[in-house]
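Comments concern the structure below.
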């Protein structure tokens, strides 16, 4: 995987400014902006996977219906992957509510632990547990989601995101490549935040530009898995990519 190419590909071809500015502006459209940018980033993934060494530049904003459809699919599927994390925080809030209710019912008989929970003495512990759980879940979640994205490209079916066993197996079979891609994304994310938070205007550039970087890295990853000779389910994606980008 080429880290520098993923950072610089947006400006590798003339005419990059128009699609870049379009992405920056489109993200502010209510309801559909995020989906549109997500679908556009998916086009970056597709073109990179088709030929990771070519200077594709930024894709054009054509076929908006397809862009929106792909974007909505990616957002919904990502929310499905986030569901366990959401349920964890709901359970955490519910536990806090029960502790408050129990204190009101038990009064002076409430246990020392429960009293500490309500008065905030254990707040730092629960915050730490929540943070650790979030990190422990998000890292493998992103990796497995990328595997699901590759299988979705091959099949074109939303069910590819729901086949958790197959997605996990693909990520495990190529765990070294997936972990390297994740490290690249983390480093690129830190660099993007540092660079673009220098000015207020730069904050609006983080989503499209970091998203493009990540899409390029994952596209390189998919091509690398192809080169490793995996014929099921990733190898057919080259043909699928050629058909879609053509």
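The values are calculated or read from the model by the stated rules, or taken from the named source; none is laboratory data. Please read all numbers here as calculations on a predicted model, not as lab measurements. Heads up, the Cβs are rebuilt from the backbone with ideal geometry, glycines too, and the neighbour counts pull from every protein chain shown.
Kindly evaluate residue 61 against the criterion of being surrounded by 12 or more Cβ atoms within 10 Å (Cβ to Cβ) and not in a helix (DSSP H, G or I). Spell out the reasoning first.
Values: surrounded by 12 or more Cβ atoms within 10 Å (Cβ to Cβ): yes; not in a helix (DSSP H, G or I): yes.
So residue 61 fits the description; yes.
Among what's in the stretch 9-29 and is assigned to a helix (DSSP H, G or I) and under 20 Å from the mean Cα position of the chain (by Cα), pick the residue that is nearest to residue 51 (Cα to Cα). My answer is 9.
Taking each residue of the stretch 125-150 that is under 24 Å from residue 211 (Cβ atoms) and looking for partners that are part of a helix (DSSP H, G or I) and at pLDDT below 80 with beta-carbon atoms closer than 8 Å, six or more apart or interchain, yields 150/237. Kindly indicate the residue of the stretch 148-166 that is assigned to a helix (DSSP H, G or I) and modelled with pLDDT under 90 and also farthest from residue 218 (Cα to Cα) among those meeting that condition. Across the stretch 148-166, the extreme among qualifying residues is 155.
Of all positions in the stretch 70-93, at least one carries a residue that is within 30 Å of residue 130 (Cβ to Cβ), surrounded by 18 or more Cβ atoms within 10 Å (Cβ to Cβ), out of contact with any helix residue (DSSP H, G or I) (no Cβ under 7 Å at 6 or more places or on another chain) and in contact (Cβ under 8 Å) with a residue 40 or more places away in the chain.
Going residue by residue through the stretch 29-50, is there one that turns out to be over 26 Å from residue 148 (Cβ atoms) and at pLDDT below 90? Outline the logic, then answer.
At the first step, the residues of the stretch 29-50 found to be over 26 Å from residue 148 (Cβ atoms) are 29-30.
Now drop any that are not at pLDDT below 90, which leaves 30.
Yes, there is a match, as at least one residue in the stretch 29-50 is over 26 Å from residue 148 (Cβ atoms) and at pLDDT below 90.
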